[in-house]
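A.B. asks: Just dropping this structure here.
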Amino acid sequence: MSGPFPTKKISALTIAATPLAGNELLEIVQEGNSRHILSRDLVLPTDSLITFTGMFGSLSGSRQLVSSATIQVDLTVDHQISLSMVGTGAVSADPTSTIGLTVVNGVATTWMRSDAAPALSQAIAPTWTGLHNFSNTVTFSKAAVGAGVSAIKLESTSPFVFWKETDAAADNGLWRMAVNSEQFFMGTRDDSDGTGIDFFLVDRTGTTVDTLYFTANVTETIGGIAHSFIYTPGAIASGTVNDYNPTFFKTSAVMRMVAGAGGSQLTGLVAQRAGFIITLSNVGADNLTIMSENAGSSANNRFSLVTDLTILPNDSMTFYYDGSSSRWRKK
């Protein structure tokens, strides 16, 4: 159809005729002050379409009408076209497909009602690239890590998990668990996640746990903690040895010491937490001398003794770290 339409009212146009061949044209044109209406009897096959192009009034642009009982198209005020058509046309139906991650090219000739919606497939496994906020309980079951095992798996170069207690005092409610540099951390964070303290750390080699670190003003345990690692660091240098800190010193209960040829003088051990206890056992053939308040080592690594002490071969001495004075003392 093309317009604009004449000022006279077109109240209704009824069309009923022979079947369409597919190239018929229904046209209303303005010719001066008159109108030209081509009227034919149209019998529409099922799912046939009539296209109205360039409509004026409330229905503009191009529209397609599916064959049905009666279709009324409002043009402008007092201008109507009423089409009475024969044919069953497409019918409505409930959605049968589900929403997934790939396009589904349907083949049905039915149409979906305006208040219908297809279901979301529960079998999809999307890779999320945006931030997702969950405001209620989330349940995980039978993850890929093992049949019947519920799990959450985070993968990145440095994955983090945060817990936020919303009614906590300022800088007192944010906790973090993290993995980085092949170490596992648990710690506290301020509300802006700017600073914090890691109070627990696990270091590993393969599946072997090398070290557990705890950092706290007070550590309380129910029952005892057996600290029984016996470590042989290898022979130390002859002569003076300052700020001694072998690899597994901080996880050891006993260190089997081998003095250098002619003997070794130990001026200090790297400071540990308050109350840390270490036994030095001389398993070599030369004397190991423990030097008191020797300036060769940093102040907080020194021994505070009445006098220098010598650990003879096959003898041992036990020391503890005094956090108040930042010195090693003989137990």
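A.B. asks: Excluding Asn300 itself, what net charge comes from residues whose Cβ is under 11 Å from its Cβ, given Lys and Arg +1 and Asp and Glu -1? It would help to have the intermediate numbers written out before the result.
C.D. replies: Numbers: positive: Arg302, Arg327; negative: Asp243, Asp322.
That sum, taken over residues with Cβ under 11 Å, equals 0.
A.B. asks: Set Lys and Arg Cβ to +1 and Asp and Glu Cβ to -1, take the dipole of the range 265-331 about its Cα centre, and tell me which of Val283, Asn314, Leu269 lies farthest positive.
C.D. replies: Leu269
A.B. asks: Whose amide H sits under 5 Å from the amide H of Gly268, counting only residues 5 or more places off or on another chain, with H placed in the peptide plane?
C.D. replies: So Gly268 has HN proximity to Asp243, Tyr244.
A.B. asks: With viscosity set to 1.306 mPa s at 10 °C, what whole-number translational diffusion coefficient in µm²/s follows for the range 237-329 from Stokes-Einstein and a Kirkwood radius over Cα pairs? Walk me through the numbers on the way to the answer.
C.D. replies: Details: Rh = 12.9 Å.
The calculation lands on 123 µm²/s.
A.B. asks: Below 8 Å between Cα atoms, with a sequence gap of 6+, how large is the relative contact order for the range 230-330 in percent? Intermediate values should be presented prior to the final figure.
C.D. replies: Numbers: 277 pairs, mean separation 26.6, N = 101.
Once divided by the residue count of the range 230-330, the mean separation gives 26 percent.
A.B. asks: Could you work out how much longer the chain between Thr205 and Phe184 gets when fully extended? Use 0.36 nm per residue separation minus the Cα distance between them, nm to one decimal. Mind dumping the intermediate values first?
C.D. replies: Working: separation 21, 0.36 × 21 = 7.56 nm, distance 1.21 nm.
Answer, rounded to one decimal: 6.3 nm.
A.B. asks: Using amide H atoms built 1.01 Å from N in the peptide plane, name the residues 5+ places from Asp171, or on other chains, whose amide H lies under 5 Å from its own.
C.D. replies: HN-HN under 5 Å from Asp171: Asp191.
A.B. asks: Can you give me the relative contact order of the range 242-301 as a percent, contacts being Cα pairs under 8 Å and 6 or more apart?
C.D. replies: Details: 96 pairs, mean separation 26.8, N = 60.
Answer for the range 242-301 is 45 percent.
A.B. asks: Among Gly173, Trp163, Phe185, whose Cα lies farthest out toward the positive end of the dipole of the range 160-214, if unit charges sit on the beta carbon of Lys, Arg (+1) and Asp, Glu (-1)?
C.D. replies: It is Phe185.
A.B. asks: Determine ³J(HN,Hα), in whole Hz, for all residues of the range 255-271 in sequence, where each value follows from phi through the Karplus function 6.51 cos²θ - 1.76 cosθ + 1.60 and θ = phi - 60°; x replaces Gly and Pro.
C.D. replies: 10, 8, 8, 10, 6, x, 4, x, x, 10, 10, 9, 8, x, 10, 4, 4
Only the coordinates and a few stated rules stand behind these numbers; no lab work does. Just so it is clear, the model here is predicted, and its values are computed rather than measured. Quick reminder, even Gly has a Cβ in these numbers, built from the backbone with ideal geometry, and neighbours come from all protein chains shown.
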